[in-house]
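Remarks on the structure that follows.
Read the figures in this text as sums done on the coordinates, not as results from a lab. The shown structure was predicted, so the numbers you read here are calculated from the model rather than taken from an experiment.
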Ligand code: NAP
């Protein structure tokens, strides 16, 4: 689990989209390292409740809050509630994300806007709302979820790939803004991870993808969660403005 790294015992972490998939695994992983966790969900309160229970069973504290990441006022309210409840905010993980895959000729402006608003603007909203307490504390860790397609592109994902490339550029820029205040800002770019987002793909597509992955398997949510756990640790204090690829070697 989390033994090789120092404890996150005094840290408060906020994980967006903690109701399922990768976000749920990150929230549980940080809690297992001792962190107090505030998590957000949008449409899956049952999933958020499940995450909260798993965290409390580990002996850690957890607050589950409903929030649409596209709504800056709602995002600011989540940061306020987290500070009111736990007194501090040290770690932000921008995980919430969505897809609306279609070839460009069939993609509507709404398909484009929803994906950009959720993935890119949602990440910016949370960075904007969380940065002040981190600046005041002169310590902070921000990790945002990108994707392998930000660098490679993918047919059917002009909206999603652009949103993730935007997250990477946001990460590099913010890292330069806040590095002198002890805040690191990094992105994690997963390859093909087994979650709801990839579960509905046709078996042929999944098989084709597996054959292209040098490590010969799809990723597990824990593969991503453990990387995030490292990036928010003391041991990663000199890593900032980086995109860490967790993709089994998929180029
Ligand atoms: P997932 O299973 O589809 O879960 C998405 C999460 O985001 C859910 O918790 C969902 O909340 C939340 N969410 C979506 N739209 C939201 C909104 N407008 N406001 C607030 N929360 C919202 O996704 P996943 O596969 O775990 O992916 C997590 C992250 O990793 C995403 O950023 C994704 O792009 C990235 N990623 C995934 C893969 C992969 O292979 N799975 C690969 C590369 C990158 P509710 O459940 O409450 O609706």
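What relative contact order, as a whole-number percentage, does the chain give when Cα pairs under 8 Å and 6 or more residues apart are counted? Walk me through the numbers before you get to the answer.
Numbers: 499 pairs, mean separation 48.7, N = 251.
The value is 19 percent.
Run through the DSSP bridge list for the chain and note the antiparallel percent, rounded to the nearest 5. Mind dumping the intermediate values first?
Working: 0 of 27 bridges.
For the chain, the DSSP antiparallel bridge percentage is about 0.
The helix-based estimate of mean residue ellipticity at 222 nm for the chain, built from -39,500 (n - 2.57) per DSSP H run of four or more residues and divided by its residue count, is -13500 deg cm²/dmol to the nearest 500.
Rounded if a/c is under 1.5, else prolate if a/b beats b/c, else oblate: with a ≥ b ≥ c from the C-alpha gyration tensor eigenvalues square-rooted, which is segment 1-93? List each step's numbers first, then the result.
Working: a/c = 1.93, a/b = 1.34, b/c = 1.44.
It comes out oblate by the Cα gyration axes.
Rounded, prolate or oblate for segment 93-241? Axes are the square roots of the Cα gyration tensor eigenvalues, ordered a ≥ b ≥ c, and the cut-off for rounded is a/c under 1.5. Oblate, since a/c reaches 1.5 and b/c is not below a/b. Can you give the angle from 0 to 90° between the axis of helix 158-178 and the longest principal axis of the chain, with both taken from C-alpha atoms, to the nearest 10? Around 30 degrees separate the two axes. On the principal axes of its alpha-carbon atoms, segment 85-143 has extents of 48, 19, 14 Å, going from largest to smallest.
By definition, a body whose alpha carbon gyration tensor gives a ≥ b ≥ c is oblate when a/c is 1.5 or more and a/b is not larger than b/c, and segment 1-41 fits this oblate description.
Semi-axes of the equivalent ellipsoid of segment 120-183: what are they in whole Å, largest first, if each equals the square root of 5 times a C-alpha gyration tensor eigenvalue? Write out the running numbers ahead of the final one.
Working: eigenvalues 142, 24, 11 Å².
For segment 120-183, the semi-axes come out at 27, 11, 7 Å.
By DSSP, the beta bridges lying fully in segment 142-251 are antiparallel in about 0 percent of cases. Pairing the Cα long axis of helix 122-137 with the longest principal axis of the chain, what angle in degrees results, from 0 to 90 and rounded to the nearest 10? Taking Cα atoms only, the helix is inclined about 20 degrees. To the nearest 10 degrees, how steep is helix 221-231 against the longest Cα principal axis of the chain, on a 0 to 90 scale? Rounded to the nearest ten degrees, it is 50.
Remark: the chain projects, on average over all directions, an area of 12.8 nm² (convex hull of Cα atoms).
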